[in-house]
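A quick write-up on the structure given underneath.
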Amino acid sequence: MTIIERPTTEVAVAGGAPSGVKPSEALGVFKRPAASTSWRDWIVTVDHKKLGIMYGVSAFFFFLIGGVEALLIRLQLIAPNGKVLNADQYNQMFTMHATTMVFLFVMPMAAAFANYFVPLQIGARDVAFPRINAFGFWCFLFGGLFLNSSWFLGGGADGGWFMYAPNSSTLFSPSHGIDFWTVGLQITGIASLTGAINLIVTILNMRTKGMKMMRMPIFTWMVLVTQFLLLFAIPVITVALFLLTFQRSFGATFFDVASGADPLLWQHLFWIFGHPEVYIMILPSFGIVSEVIPVFSKKPLFGYPIVAMSGAAIGFVGWGVWAHHMFASGLGPVSVAVFSMSTMAIAVPTGVKIVNWVMTMWGGKLTFTIPMMFAIALIVQFTIGGLSGVTHAVAPADTQQTDTYYIVAHFHYVLFGGAVFGLFSGFYYWWPKMFRRQLNNAIGKWNFWLMVIGMNLTFGPMHILGLQGQPRRMQVWTEARAGEGFFNLGFWNRIASIGSFTLGTGVLLFLVNVVYTHKSKKVAIAPLDPWDARSLEWMTQSPPQEHNFDVLPTVSHLDEFFHRKYETDSSTHGVTQVRSAEEVMAELNAHPDEHIHMPSRSYWPILLASSLPVIGYGVIYNRTLMAVGAGLILLTMFGWAMEPSTSPDDDFDPPAPGEGGGHTKELSPLG
């Protein structure tokens, strides 16, 4: 139950309301949904924490789909002359695998953590625009389902996740798979863009008293940089997708050489988005490990301002390296030289972070919990991927490596060893805060080691395969052309395939851990502060109540929660615990706020988002269906605009006779 401040004066309704009828009832279909404890409450929620959980569950579902696609690819290549997939199915599989992992897992899983924890870390009660936040989630979910519905309607996209022209034209891909790809990504792009605006405004405008920018947790800093990258990158890929949609569905010729167009236009548009996209995926994980490492090193983060500013530098310089993906396209020596130098330059702020993390651990009292192990694994694996990436700054080497398995090895070390390991660190670190249960340590260690071993078995050999000339997207290999000795392509393909199933087993063990933790009666309730954490999200109950804080905390230090628990000796610089987490909470909540207003539930975000796939199917199959979808959007936008600002249950009761105006404090069942 949340205490809500409600005006008791009667609200005027245009045209007047019938006598004895509350204004919320007069609005009829536009009234707000009432609270409930059933699954329906999740459909209409605008609570940032519930939306974060929904983002996470949906993204992990797509992660499993992308994982199955990856295992089918490796099954095809485990033996010579593979028969698991034909050439067309293989093209669809690697295209949809990459698209799913990038757009439907890593990005939305980072959004899950951002939605849940950024308001808590800055001492806010919700995000700036709660209904838009809900709308963004439903756009992501419906866009992902729309994209994957292509499997049941003729087959998936088959032009690679980069979708280079002219291979993406109807001449070379006459099925509708690419049409689903272009429209589906435009729908999910709406989710990314609205989420970016929402989180930027939230972080800049809704920090609690005393929470200066240089007191924000590094995770919040990295989320902020990521949202600015999304804000400028998503419009670029949206333009490209819009042009490709019109070329395929309406006869335009934006990338048609015969009509005088330049197919390199697509490459520039895609990679101007695509390389910042790499940092969009990795920076949230950098933020997560920047929270985890200080906690389990019992030290503050080394060089906090440098870590924050290096993240911003990555976001800035990341816009100037896109053409190193295009060195084989004939850009010319000047362009190649410029982008080679920028590729070298961006390694500097990235390397700075690695130094900061290592120096944080140096001399610390390390505790090797599962979150810490995943964080350390990120440092090691990402460093390997980063070093192989810097080789692409050498244009002759990059030209030789282009379209070989060396590239596949590089970006999987960066994105799986970096982004995904960081996300798993976040799972284990924040699970007790979200669900009051700590994931099982023994299963977690098996989960960790199988993922680390499996990842290196899978992608390590790909460096060798690439340097020996095996091209990417190769459907089969033959024994006759595999070679002999240590560098035999058949041997390393088999090792990579075995590694992929080892990795898949590790991911499966994470699901086993989740089920065991929540089903076993042996798992105790987690303590309020199980890790002796440092930041504000741990200064609430677990899981946090709907309004997050009974009293919004006032911040006077970086790592405010830690400083409320510990005092530092000015002479020895040692720290002494003076309060437990429970005592800090009791002190904070001794005088709770009397008036707390929380945003009310809404039907309209899901209804508006569900209109977008209708337009998508219309673009592909039937123009009448497009018109129906457009009509639904207009109706739902009208409903959104007409919706009352608060929930209908006793929101605007007229005052009792003789009481006059003023305010009443009602217990509104919002959580």
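The values are calculated or read from the model by the stated rules, or taken from the named source; none is laboratory data. Small disclaimer: the values here were computed from a predicted structure and weren't measured. Note: ideal-geometry Cβ built from the backbone for every residue, glycine included; neighbour counts use all protein chains shown. For accessibility, only protein heavy atoms count, side chains too; no ligands or nucleic acids. Shrake-Rupley method; radii C 1.70, N 1.55, O 1.52, S 1.80 Å.
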Task: For the range 413-423, 3J(HN,Hα) per residue [Karplus equation, 6.51 cos²θ - 1.76 cosθ + 1.60, θ = phi - 60°, Hz, x = Gly/Pro] - done: 5, 6, 8, 7, x, x, 4, 5, 4, x, 5
- [ ] Give, rounded to the nearest 20 debye, the magnitude of the charge dipole that the range 471-581 has about its Cα centre when Lys and Arg contribute +1 at Cβ and Asp and Glu contribute -1 at Cβ.
- [x] 660 debye
Task: Amide H within-cut-off set for Ala252, under 5 Å, with H built and near neighbours excluded - done: Gln247
- [ ] Assuming R0 = 25 Å, can you tell me the calculated FRET efficiency for the pair Thr624 and Thr253, based on Cβ-Cβ distance, to the nearest 0.05?
- [x] 0.45
Task: Amide hydrogen neighbours beyond the local backbone of Tyr566, cut-off 5 Å, H modeled - done: Val578
Task: Accessible area in the full protein assembly, largest first, 1.4 Å probe, for Trp266, Trp161 - done: Trp161, Trp266
Task: Mean Cα-pair separation over length for the chain, i.e. relative contact order, pairs under 8 Å, 6 or more apart, % - done: 23 percent
- [ ] Measure nothing fancy, just the Cα-based angle from helix 130-148's long axis to the longest principal axis of the chain, in degrees from 0 to 90, nearest 10.
- [x] 30 degrees
- [ ] Working with all protein chains in place, sort Lys521, Lys209 by solvent-accessible area computed with a 1.4 Å probe, largest first.
- [x] Lys521, Lys209
TODO: Could you rank Ser497, Ser570 by how accessible they are, 1.4 Å probe, largest area first?
DONE: Ser570, Ser497
TODO: With only Lys, Arg, Asp and Glu charged, each at its Cβ (+1 for the first two, -1 for the last two), find how big the charge dipole of the chain is about the Cα centre; round to the nearest 20 debye.
DONE: 1200 debye
Open item on the list: Whole-Hz ³J(HN,Hα) for each residue in the range 72-89, computed from phi via Karplus 6.51 cos²θ - 1.76 cosθ + 1.60 with θ = phi - 60°, x for glycine and proline: what do you get?
Closed with: 5, 4, 6, 4, 4, 9, 6, 9, x, 6, x, 10, 5, 10, 7, 4, 5, 4
Open item on the list: In whole Å, what are the extents of the range 101-240 along the principal axes defined by its C-alpha atoms, from largest to smallest?
Closed with: 60, 24, 20
Open item on the list: At R0 = 56 Å, how high is the FRET efficiency between Gln545 and Leu508 if r is their beta carbon distance? Nearest 0.05 is fine.
Closed with: 0.95
Open item on the list: I'd like to compare 307-318, 45-56, 145-156: which one has the highest average count of other Cβ atoms within 10 Å, and what's the full order after that?
Closed with: 45-56, 307-318, 145-156
TODO: For Ser329 and Lys298, compute 0.36 nm times the residue count separating them, minus their Cα-Cα distance, and round to one decimal in nm.
DONE: 6.2 nm
Task: Signed unit charges on C-beta, dipole axis of the chain, positive-most listed residue Phe501, Leu423, Ala609 - done: Phe501
Task: Two-site label geometry, Thr367 and Trp151: point separation in nm, points 7 Å out along Cα→Cβ - done: 4.1 nm
TODO: Could you list which residues have their amide H under 5 Å from that of Thr404, counting only those 5 or more apart in sequence or on another chain, with H placed in the peptide plane?
DONE: Arg472
Open item on the list: Quick one: 3J(HN,Hα) in Hz for the range 90-102, Karplus 6.51/-1.76/1.60 with θ = phi - 60°, rounded, Gly and Pro as x.
Closed with: 5, 4, 5, 5, 6, 5, 6, 4, 5, 4, 5, 5, 6
TODO: Kindly state, to the nearest 0.05, the FRET efficiency for Val578 paired with Val358, given R0 = 41 Å and r defined as their beta-carbon distance.
DONE: 0.85
Open item on the list: Can you compute the helix-only [θ] at 222 nm over the chain? Use -39500 (n - 2.57) per DSSP H run of at least 4 residues, normalise by all residues, nearest 500 deg cm²/dmol.
Closed with: -19500 deg cm²/dmol
- [ ] Equivalent ellipsoid semi-axes for the range 306-459, as square roots of 5 times the alpha carbon gyration tensor eigenvalues: give them largest first, rounded to whole Å.
- [x] 34, 18, 12
Task: Among Ser259, Val321, Gly67 the positive-end extreme of the charge dipole of the chain (Cβ point charges) - done: Gly67
Task: Segment Met214-Leu231, length gained on full extension (0.36 nm per residue, minus Cα span) - done: 3.9 nm
Open item on the list: If I model a spin label as a point 7 Å beyond the Cα along the Cα-Cβ vector, how far apart are those points for Thr399 and Ala312 in nm?
Closed with: 3.9 nm
- [ ] Quickly work out the Phe162-to-Ala337 label distance, labels modelled 7 Å from Cα along the C-beta direction, and quote it in nm with one decimal.
- [x] 2.5 nm
Open item on the list: Out of the trypsin sites (Lys or Arg not before Pro) in the range 448-484, which ones are loop residues according to DSSP with at most 16 other C-beta atoms within 10 Å?
Closed with: Arg472, Arg473
Open item on the list: Suppose the chain between Asn205 and Phe487 were pulled fully straight at 0.36 nm per residue; how much longer would it get relative to their current alpha carbon spacing?
Closed with: 95.8 nm
Task: C-alpha long axis of helix 623-642 to longest principal axis of the chain, angle in ° - done: 30 degrees
